[in-house]
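Beneath this line is the structure, given in C-alpha cells, with notes to follow.
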There are 2 protein chains.
Amino acid sequence: MIPELKYDAKKLIPAIIQDISNDEVLMLAYMNRTALEKTIKTGKTHFWSRSRKKYWMKGETSGNIQLVREILYDCDEDTLLVKVEQIGTGACHTGNRTCFYRKIETEQPNK
Amino acid sequence: MIPELKYDAKKLIPAIIQDISNDEVLMLAYMNRTALEKTIKTGKTHFWSRSRKKYWMKGETSGNIQLVREILYDCDEDTLLVKVEQIGTGACHTGNRTCFYRKIETEQPNK
C-alpha cells in the first residue's frame, strides 16, 4: 500500500499539510515509516518529533486534529503532501490557523 | 530583511513552493541562506541541490521559471512557503504541472 519512499539519514520524510477546504498550507512536519503507517491506519496525522524524539498525533493535547483526506508523494519520492480536514481553531500552536503567518518583506523585483 | 531562520545540520531549510494562481502545491526543495538571498534579489526561485551540490535556479534549463510573489516562514522558523507565478508548463521535470501527481491509496477510515 505504501510506495517506496526515500527517507533521509534520520529515516524521516517531510510532510506538507494542506487544508483541503481552501488549499491553505497549514504546516510542515516529519514522518517516518511508522508515523506514516499510523496516519494511514487511523486517518489522523501522526508525526515524529525531532526535538522530543517521540511520536505525536496532531491535536492530541489541543483537540485540533487533522482528518486525512488524501496523501500524495512527489516525483523524487522524498516529500509527502497530506490534504486534511483541519478540526478546531487551526494547525498552529500559536493560535493561528496556519503556521505560515509571517511574511519576509521583499522588494518584489517582478512587480 | 531576512529574519532569523533555523537551518538544519547541512545549513538548509525546506521551501514549499505554492502556485499563487490556484494554491496548488507544486514542489518542495531546499534553500540555504545564499539561495534565499538569490531568490529575494532576483525574484526567481533559487535552491541548493543536495545531490549535485550546487545552486540552481528553477527553470534554468527548461525555461519553467518561478516568479516570487510572497515568501512566508513558519512559527518554528524552520520552513519557508514561497508563493510563485509558475511560468511555462509546470514545476515538475516529468512534465506534470505539480511534482505531487501520485496518490497513496488509503482506506480513508474517516469517510
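Only the coordinates and a few stated rules stand behind these numbers; no lab work does. Predicted, not measured: the structure shown is a model, and the values here were computed from it. A quick note on method: Cβ atoms are made from the backbone with ideal geometry, for glycine too, and the neighbour counts reach across all protein chains shown.
Adding -39500 (n - 2.57) for every DSSP H run of four residues or longer, then dividing by how many residues chain B holds, sets the calculated 222 nm ellipticity at -2500 deg cm²/dmol.
Between B:70, B:60, B:24, where does the largest GNM mean-square fluctuation fall for chain B, given springs only between Cα atoms within less than 10 Å? Of the options given, B:60 has the highest mean-square fluctuation.
Think of the axis that spins chain B onto A; the B residue whose C-beta lies nearest it, and the distance in whole Å, is B:23, 2.
May I ask you to derive the relative contact order of the stretch B:42-105, considering only C-alpha pairs under 8 Å and at least 6 residues apart, and to give it as an integer percent?
22 percent.
Annotation for residue B:102, label-to-label distances across the other copies: 3.7 nm (shortest first, one decimal, point 7 Å from Cα along Cα→Cβ).
Structure note, pairs B:11/B:58; A:44/B:53; A:103/B:44: Cα-Cα distances above 25 angstrom occur for A:44/B:53.
Please check: in the Gaussian network model of chain B (C-alpha springs, under 10 Å), which one of B:54, B:44, B:83 has the largest mean-square fluctuation. Residue with maximal mean-square fluctuation among B:54, B:44, B:83: B:54.
Per the Kirkwood formula on distinct C-alpha pairs, the Rh of chain B is how many angstrom? Its Kirkwood hydrodynamic radius stands at 14.7 Å. Neighbour counts of C-beta atoms inside 10 Å place B:65, B:71 in the sequence B:65, B:71, starting with the fewest. Annotation: aspartates and glutamates with alpha-carbon distance below 19 angstrom to residue B:41 (same-chain offsets under eight excluded): A:105, A:107, B:4, B:60, B:70, B:85.
Per-residue 3J(HN,Hα) values for the stretch A:95-103, derived from phi via the Karplus relation 6.51 cos²θ - 1.76 cosθ + 1.60 with θ = phi - 60°, read x, 6, 5, 10, 6, 9, 10, 10, 10 Hz in sequence order (x marks Gly and Pro). Extending 7 Å from Cα along the Cβ direction at residue A:8 and again at residue A:85 yields two label points whose distance is 3.2 nm.
Listing A:8, B:19 from fewest to most neighbouring C-beta atoms within 10 Å gives A:8, B:19.
Can you tell me the dipole magnitude for the stretch A:1-101 around its Cα centre, using point charges on the Cβ only (Lys, Arg +1; Asp, Glu -1), in Debye to the nearest 20? Using only the charged Cβ atoms, the result is roughly 640 debye. Placing a label point 7 Å from Cα along the Cα-to-Cβ direction at residue A:78 gives distances to the equivalent points in the other copies of 1.8 nm, listed shortest first.
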